[in-house]
Amino acid sequence: MATLTHDAPPTSTAHEPGKRGLWSWITTTDHKRIGILYGLSSLFFFLVGGVEALFIRLQLAAPNGEVLSADAYNQMFTMHGTTMVFLVVMPAAGAFANYLLPLQLGARDVAFPRLNAFSFWVFFFGGVFLYASFFLGGGADGGWFGYAPLSTQIDEVVRMDYWALGLLVLGVASVASSINFVTTAFTMRAPGMTLMRMPVFSWMVVVISFLLLFSLPMVTVGLVQVFFDRNLGTLFYDAASGGEPILWQHLFWLFGHPEVYVLILPAMGIVSEVLPTFSRKPLFGRSFVIFSGIAIGFMGFGVWAHHMFTSGLGPVAEAAFALTTMFIAVPTGVKIFNWLGTMWGGSLRFTTAMLFSIGFIAMFVIGGLSGVTHSIVPADSQQHDSYYVVAHFHYVLFGGAIFGIFSGIYFWWPKLTGKLLDERIGKWHFWLMLLGFNLAFAPMHFLGLNGMPRRTYRYNEGLGLDLWNLVSTIGAFLIAVSMLVFLWNWWRTARKGTRASGDPWDGRTLEWSIASPTPEYNFARIPTVEAEDDFWHRKYGEDEEGNAVPIATAEEVSDDPEPPAGLHLPSPSYYPALTGAGIFVTLMGLVYLPWGLIPAAVGALVILWGLFGWSMEPIVKEHH
Amino acid sequence: MKHELDSRRRRRIFAAVVVIVALALAACSTELPQNSLNPAGPEARKIDDLFNLVFWIATVIFVIVEAALIYVVIRYRRRREDQQVKQVHGSPRLEIAWTIIPVVILAIVAVPTLRTIFDLRSEPDPSENALVIDVIGHQWWWEFSYPEYGFTTANEMHIPAGRAVSLNITSADVIHSFWVPQLNGKRDAVPGRWNHLTIEADEPGVYLGQCAEFCGLAHADMRQRVIAETPEDFEAWARAMAGPAAVPTEGLAAEGWATFERVCAACHTVQGSVEVSRTIPIDGEDVEVALAPNLTHYASRTTFGGASFENTTEHLRAWLANPSDLKPMDPDRNIIDQGRILGMPNFGLDDAEIDGLIALLQSFTLERP
């Protein structure tokens, strides 16, 4: 298979001028730095989205609450959902994918380093753009999936224009990343790494990249139609003029459903790396885990109308989508059983990373089962748009994706920073978060079945909703406390954490064969891969009974400590950030049409400048 | 480092689980007015039966999988650093088994699911002689029209117990959803099309519901009541509702009527005196819908304001003084002829006008024959 390497003679730019300081971060094309930028942004938005959630829970702690006005509340839940999906979980996946994909593949960077930086800057400016709305008239208030015609109804207020344009541009970032990751995985694997020897996390990145590439066009069409209806007098979603509101739902959910698999598969990939490491056993049924990830990706395109079971699809369509939705549980179950099989017979070490992965399994089973109950169309006609759904998706997205992300954070922290997060504090973080999470979201199953609809800024007394809402609010604040514990762990580790070796966990994949923190050039010598979990196989053989037997220490089989001379790395560039900034200005202009055409035109010129400079700029910069 | 699952902690966890399960079961069985697990009619009961089946299957799977997880975590925790670990890669036989078994379980669940989907009549069999009611969602109240009797009302739907009621549901503006959990699942009210839902209550009673599709500012305050009566009581109610309002000719109420004609009649229909509506196309046909709740026989209602406030003098006074005090609305953005009606404006009524209107509305009683 073709491989691209960055080993170009002879100019040595291994030590770039300006490696420190803000400018070096703005112009970086190093996948590791870009991954860190994504990670920091994701964490920041997680705290913001969390505060929005705390406001929501304060308002709902008692019946007829008066903490937030209805208007403020509607902005809170819309922005909470939008933030968590688009500005937290997706960029967190982006952070891990960016940082780890080249390392797991034995490569020095991704296929398109500047496009990589561009993805980040577009995401970053997209997030800033979305949140600018709060300071300029109010945040989006139509729900995170903005059903038309509510989203197109009040066109003289720009809130939903921020929402539509923000989502459009975040889609651009995802498409750019997807192209990058697919190309990297297909062309830049180390010699000997067949696709089936590629780590499971890397596989999941490939699957979600395809999911995004095929699903984003649908929602892009819908969002453009919403923007046009709001600003240019079109009537796509105007029923009185022959438009069709249900069309929005189809277009959105054709994206929205694959999107939720985009949100969960990277976390499943993380779990698939963490469990074997701390069980000291290979991932059970590895190829089945990979194939079920692919199957989930495919089948994910066949279930979208299960979000529309109450919209009047008719019994035939309802029956069809009930079946497809039920059966997507099968590959999901395959993964769970294989994870159990991985731990079975292993030697389990309960590091914080391991606890979060085990917690993922426990919580995801609950969320997965409530999801299957949603496939039962008649039952869903009660559950849909109630707090039962809110319970379901928080179990899979928080108990699933976020727990998986924290597992990854504790697991790969030493590779990133050269230090180990404190395990004792980590365990406090885990248990508090697990308890708080279940207190916050388990009661929502009951609230939904007891008839509490979602997206309601208040509820009446006498409906039996009081106690569980209060419990849920307490749980939410406990989650907040657990986040403070995590932040304390981070701060404390930065100040006086234990130094980590290159392989602190006795890991299995290639990223553990290099130093911690990762050297700038990743690998001094691109490894030749001879097996799946290649690094483990360098350290351990098997005796006649199949037990692992040490044959070498990590130090003996790790990468060379010194890079060769003449190693070229991608040069920094400010054009990606500049183009991103141009996009930001253009978006701001588009919000305020028609006079906004002027700043939009300025922004477009900046974009053109950025793209032109980018394409004319040499990949290797001469240094004078 | 202490082990996470020593026996003292295990006992505490077990106790916590027992408490939680007990609370959960308690939550599932209470008699609460919007409880979908407390069905009061055949449709809701079919759903509840199906859900119970699936729920218990899911519970069994939950217990098995979580128990396996807990077992693995306890049994295989690292006891010695140099523990021997067999590097097992997988088992194709297990893979087949745990692919096929879930497929079989799902297939078993699929059969009653599909049957119930087709059985839950969205439109009842003609032989059932169902009562037909048109439901039109507005921001933020429900319009109920009884074509067989020729009247329209708002937010409170009377139905005969023990008889199927066929709802034709649409919206005059954005998407809403009609949901009375004890009687059936929900059905969206989508502008431009008719959706159908059948409800039926076994016994007379009051069944509460709420709009279940986010529709803007006062979505939470868009509620409905279904009041099931004996067939005779319902018939009496319906015939009386079809009659015109008795417009008062003297006293405070008559002054209220004068105010009404000046201020309220632009939007509120009062049968026999004021007819206000607009026409919207639904499925290719022109349908007349109201601008604001029909106030004929207003005094017979138990609630108002999207069934969110008890119909008391005090509430009415507060509403008429400034409707947006009670319920968050945005009437400044009303463009009535384009169908964008986001609530009742504050008309700056003084106390005398309010007194008159209250007297008027409270005079709009319902005389059942």
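The values are calculated or read from the model by the stated rules, or taken from the named source; none is laboratory data. Small disclaimer: the values here were computed from a predicted structure and weren't measured. We place every Cβ from the backbone using ideal geometry, glycine too, and count neighbours over all the protein chains shown.
Worth pointing out:
- The range A:583-604, subset within 25 Å of the chain's Cα centre (by Cα) and farther than 18 Å from A:L232 by Cβ, residue surrounded by the fewest Cβ atoms within 10 Å (Cβ to Cβ): A:F584
- Members of the range A:349-387 found to be closer than 27 Å to B:E213 by Cα, touching a Lys or Arg at 6+ places or on another chain (Cβ under 9 Å) and among the hydroxyl-bearing types (S, T, Y), listed by number: A:S381, A:S386, A:Y387
- Top-ranked residue of the range A:321-348 - restricted to ones that are among the aromatic types (F, W, Y) and more than 7 Å from chain B (Cβ to nearest Cβ), ranked as surrounded by the fewest Cβ atoms within 10 Å (Cβ to Cβ): A:F321
- In the range A:515-562, residue farthest from A:L103 (Cα to Cα) [restricted to those that are of a type in the set (V, I, T) and within 14 Å of chain B (Cβ to nearest Cβ)]: A:V549
- Here A:T277 does not qualify as over 17 Å from A:V206 (Cβ atoms), in the same structural domain as A:F356 (by TED's automatic domain parsing), part of a loop (DSSP other than H, G, I, E, B) and among the β-branched types (V, I, T).
- Residues of the range A:389-418 that are farther than 18 Å from A:V262 by Cα and not β-branched (V, I, T): A:A391, A:Y410, A:F411, A:W412, A:W413, A:P414, A:K415, A:L416, A:G418.
- Here B:G306 fulfils each of the conditions (1) assigned to a loop (DSSP other than H, G, I, E, B); (2) within 25 Å of A:T456 (Cβ to Cβ); (3) out of contact with any strand residue (DSSP E or B) (no Cβ under 8 Å at 6 or more places or on another chain) apart from (3).
- The single condition from (1) outside any helix (DSSP H, G or I); (2) closer than 30 Å to B:A172 by Cα; (3) aliphatic (A, V, I, L, M) that A:A190 fails is (2).
- Per the listing B:G306, B:G284, the residue uniquely farther than 13 Å from B:L361 by Cα and touching an Asp or Glu at 6+ places or on another chain (Cβ under 8 Å) is B:G306.
- Any hit, the range B:82-94, residues being more than 9 Å from chain A (Cβ to nearest Cβ) and touching a residue at least 12 places away in the same chain (Cβ under 8 Å): no
- Selection of the range A:281-294 for residues being within 17 Å of B:V73 (Cα to Cα), at the interface with chain B (Cβ under 8 Å from one of its Cβ atoms) and buried (at least 24 other Cβ atoms within 10 Å of the Cβ) yields A:K281, A:F284.
- Residues of the range A:229-256 that are within 29 Å of the chain's Cα centre (by Cα) and either more than 14 Å from every other protein chain (Cβ to nearest Cβ) or among the hydrophobic types (A, V, I, L, M, F, W, C) (or both): A:I246, A:L247, A:W248, A:L251, A:F252, A:W253, A:L254, A:F255, A:G256.
- Unmet criterion (only one of (1) among the small types (G, A, S); (2) buried (at least 24 other Cβ atoms within 10 Å of the Cβ); (3) away from chain B (no Cβ under 14 Å)) for A:A140: (3)
- Annotation note: of B:I133, B:I227, the sole residue that is free of Cβ contacts under 8 Å to residues at least 60 places away in the same chain, of a type outside the set (S, T, N, Q) and away from chain A (no Cβ under 13 Å) is B:I133.
- Search result, residues across the range B:105-154 that are part of a loop (DSSP other than H, G, I, E, B), over 30 Å from A:M326 (Cβ atoms) and of a type outside the set (D, E, K, R): B:N129, B:A130, B:Q139, B:W140, B:P147, B:Y149, B:G150
- A:A305 being more than 7 Å from chain B (Cβ to nearest Cβ), touching a residue at least 40 places away in the same chain (Cβ under 8 Å) and farther than 29 Å from A:M198 by Cα: yes
- Test: residue in the range B:318-325 that is without any contact (Cβ under 8 Å) to a residue 12 or more places away in the chain and out of contact with any strand residue (DSSP E or B) (no Cβ under 7 Å at 6 or more places or on another chain): yes
- Filter result (within 19 Å of B:Q139 (Cα to Cα) and among the hydrophobic types (A, V, I, L, M, F, W, C)) within the range A:146-178: A:A148, A:L150, A:I154, A:V157, A:M160
- The set of residues from the range B:278-290 being part of a loop (DSSP other than H, G, I, E, B), in contact (Cβ under 8 Å) with a residue 24 or more places away in the chain and surrounded by fewer than 20 Cβ atoms within 10 Å (Cβ to Cβ) comprises just one member, B:D283.
- Of everything listed in (1) in a helix (DSSP H, G or I); (2) of a type in the set (A, V, I, L, M, F, W, C); (3) under 27 Å from the mean Cα position of the chain (by Cα); (4) over 16 Å from A:Q383 (Cβ atoms), the single unmet condition for A:F321 is (4).
- For the residues A:V67, A:V85, the requirement of being surrounded by fewer than 20 Cβ atoms within 10 Å (Cβ to Cβ) and either at pLDDT 95 or above or not assigned by TED's automatic domain parsing to the domain that holds A:S513 (or both) singles out A:V67.
- Whichever residue in the range B:196-218 is part of a strand (DSSP E or B) and either free of Cβ contacts under 8 Å to residues at least 60 places away in the same chain or small (G, A, S) (or both) and, among such residues, is nearest to the other protein chains (Cβ to nearest Cβ): B:G209
- Restricting attention to the range B:340-369, the residues that are surrounded by fewer than 20 Cβ atoms within 10 Å (Cβ to Cβ) and under 29 Å from the mean Cα position of the chain (by Cα) total 9.
- Residues (surrounded by 14 or more Cβ atoms within 10 Å (Cβ to Cβ), under 25 Å from B:Y207 (Cα atoms) and either of a type in the set (S, T, N, Q) or in contact with a Leu (Cβ under 6 Å, 6 or more places away or on another chain) (or both)) located in the range B:310-331: B:N311, B:W319, B:P328
- Among the criteria (1) modelled with pLDDT of 95 or more; (2) out of contact with any Phe, Trp or Tyr (no Cβ under 8 Å at 6 or more places or on another chain), the one A:I26 does not fulfil is (2).
- Matching entry among A:G418, A:G371, A:G359, A:G408 (being out of contact with any helix residue (DSSP H, G or I) (no Cβ under 9 Å at 6 or more places or on another chain) and either more than 8 Å from chain B (Cβ to nearest Cβ) or not charged (D, E, K, R) (or both)): A:G418
- The range B:166-195: number of residues that are of a type in the set (K, R) and not in a loop (DSSP other than H, G, I, E, B): 1
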